[in-house]
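The values are calculated or read from the model by the stated rules, or taken from the named source; none is laboratory data. Keep in mind it's a predicted model, so treat the numbers as computed, not measured. Glycine gets a Cβ as well: all are built from the backbone with ideal geometry, and neighbour counts include every protein chain shown.
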């Protein structure tokens, strides 16, 4: 029975990844990431621009290429103006680890357009393996672990993540790996290494990683590691700012204006005048989409309100939960996009955390209830 379960799991896992891989979700971001890879060998903007769109049409055909590069003024300008195209690339070149993988697959002879999707497919493959490994360890039941893992794989959000030509699946894998390593008390140097890779994949991962290190510094699981963790935090901050400076990232105001107020063909040349009114209106318009998340936070608060925050922070799982709550809140304030690829990672993290730590959470809640009644 166990062998049949394992074989079935592997078959369904590969079928799920193949299913996602047969229908990649190409978008305009893919063209920018293709340009970043081409830029490594062709830095001159006009040649870079021409070669990127030539590869796009060769690999995808004119009809699909036209669909990706047309539809609004911004996309049409990107295709017709090499200076505008080059000025938008710093938003993408900062995803160093993801681009390194894309470039690696391209050098192996895989089409550049599909090379932008392969990191997502491979990342989701390993995400499911991590979920399966944790479930097997905690439940000591291969059948239950396999069934739940396959259900997670075929969730619409997971399949969507696997099809994207973006670094989000890779980012999710790295943060999930950090979570598992941290909960199971792995070596801090390995945790720091994966944290650094996650920030070099998506720079906004510094929020979640920084919060986890912050909580671990002031509520340490092991006091002898405090200064080591502080030094790791400083190193991550240095990595974050180094990435932004070397890749000439425009900063939060430019990105916010470019994403929510008005798309700029030359975002780095034109300094947007983001007003407080613009910001408030944007937040109000985006808030309804966040209702399910706000409801989740309210439910979390209902659980946490009778629990000593200090006691919660002494649990590794408690630190992770609070890091997720604060990370979600900070990201909402800084970049209120409800695209599931930005937040589904938190669902994965919380899912794994509760699977491992549910007994401790339940005991903490039960003891707090008894303390209140007495």
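Brief remarks follow.
- Of the candidates 21, 61, the single residue that is more than 18 Å from the chain's Cα centre (by Cα) and at positive phi is 61.
- Residue in the range 287-307 that is modelled with pLDDT of 70 or more, out of contact with any helix residue (DSSP H, G or I) (no Cβ under 7 Å at 6 or more places or on another chain) and either outside any helix (DSSP H, G or I) or surrounded by 15 or more Cβ atoms within 10 Å (Cβ to Cβ) (or both) present: no
- Scope the range 330-345; condition in a helix (DSSP H, G or I) and either over 30 Å from residue 222 (Cβ atoms) or without any contact (Cβ under 8 Å) to a residue 24 or more places away in the chain (or both); matching residues: 332, 333, 334, 340, 341, 342, 343, 344
- Counting the residues of the range 6-28 that are in a loop (DSSP other than H, G, I, E, B) and crowded, with 17+ Cβ neighbours inside 10 Å gives 2.
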